[in-house]
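Trainee: Here it is, the structure, as C-alpha cells.
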Amino acid sequence: EVQLAESGGDSVQAGGSLRLSCTASGFTFDDSDVGWYRQAPGNECELVSRIRSDKTTSYADSVKGRFTISQDNAKNTVFLQMNNLKPEDTALYYCAAGVRFLPPDCTDLAGRAQSGPLPGFGIWGQGTQVTVSS
C-alpha cells in the first residue's frame with residue numbers, strides 16, 4: 001500500500017518546539033519532492049516547506065528562520081523541525097509527495113487522497129495537529 005503517515009503533532013506553549021515526522025510506506029522519497037502543508041479552520045491551505053529531489057529546500061516567509069525541513073533516506077522519513085512556535089502556527093499539518101498544484105483546501109484533498117494518489121496532487125498523509133498556546 002502506498003501511504004504517508006505524519007506524527008509528532010502536539011499542544012505546546014508559544015516559544016516551544018516540535019518535530020514532525022512523515023514516513024512513507026510502499027514507496028521511497030529518494031526521487032520525490034516532498035512538502036509540508038498546513039491548514040487552520042477558516043484558512044486556505046498553505047505550503048509551509050518543501051524539499052526537492054535535488055535536496056534544495058524552500059520555506060514560507062512566515063516560518064523562515066524557525067522551521068527546518070530535512071530528510072533521512074535510511075528511515076524513509078521527512079522531518080519538519082519547528083522552533084519558536086507561535087499561536088499562528090496552530091493548524092493541521094500534512095506531508096505530501098508529488099504535488100504539482102497547491103490545493104485551496106488541503107484538508108479536503110488529503111481526505112480524498114487516502115483512497116489513492118490523486119492526479120496532479122500526489123500522495124497525502126492524514127495530518128497531525130499542532131496547537132500553540134500563548
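Trainee: What figure in square angstrom, to the nearest 10, would you give for the accessible area of D30 with a 1.4 Å probe?
Mentor: Surface open to solvent at D30 totals about 70 Å².
Trainee: Throw me the Rg/Rh for the stretch 11-82, computed over C-alpha atoms with Kirkwood Rh, two decimals.
Mentor: With Rh from the inverse mean 1/r over Cα pairs, Rg/Rh is 0.98.
Trainee: Which value in nm describes the separation of the simple spin-label points at D54 and Q81, placed 7 Å from the Cα toward the beta carbon?
Mentor: Distance between label points: 2.4 nm.
Trainee: What nm distance separates the two modelled labels at T131 and A40, each placed 7 Å from Cα along Cα→Cβ?
Mentor: Roughly 1.5 nm, to one decimal.
Trainee: If you stretched the chain out fully between R66 and S11, how much longer would it get, using 0.36 nm times the residue separation minus the C-alpha to C-alpha distance?
Mentor: 18.1 nm is the gain from fully extending R66 to S11.
Trainee: State the three equivalent ellipsoid semi-axes of the chain, derived from the C-alpha gyration tensor as the square roots of 5 times its eigenvalues, in descending order and whole Å.
Mentor: Equivalent-ellipsoid dimensions as semi-axes: 22, 17, 13 Å.
Trainee: Report the label-to-label distance for Q3 and D30 in nanometres (one decimal), using points 7 Å from each Cα along the Cα→Cβ vector.
Mentor: 2.3 nm
Trainee: Something else now. Can you list the lysines whose alpha carbon is less than 20 Å from that of K55, not counting same-chain residues fewer than 8 positions off?
Mentor: Once the sequence-local lysines are set aside, what remains near K55 is K64, K75.
The values are calculated or read from the model by the stated rules, or taken from the named source; none is laboratory data. Given the structure is predicted, the values throughout are model-derived calculations rather than measurements. Reconstructed Cβ throughout: ideal geometry from the backbone, glycine too, with neighbour counts over all protein chains shown. Surface accessibility is based on the protein's heavy atoms, side chains included, excluding ligands, DNA and RNA. Shrake-Rupley method; radii C 1.70, N 1.55, O 1.52, S 1.80 Å.
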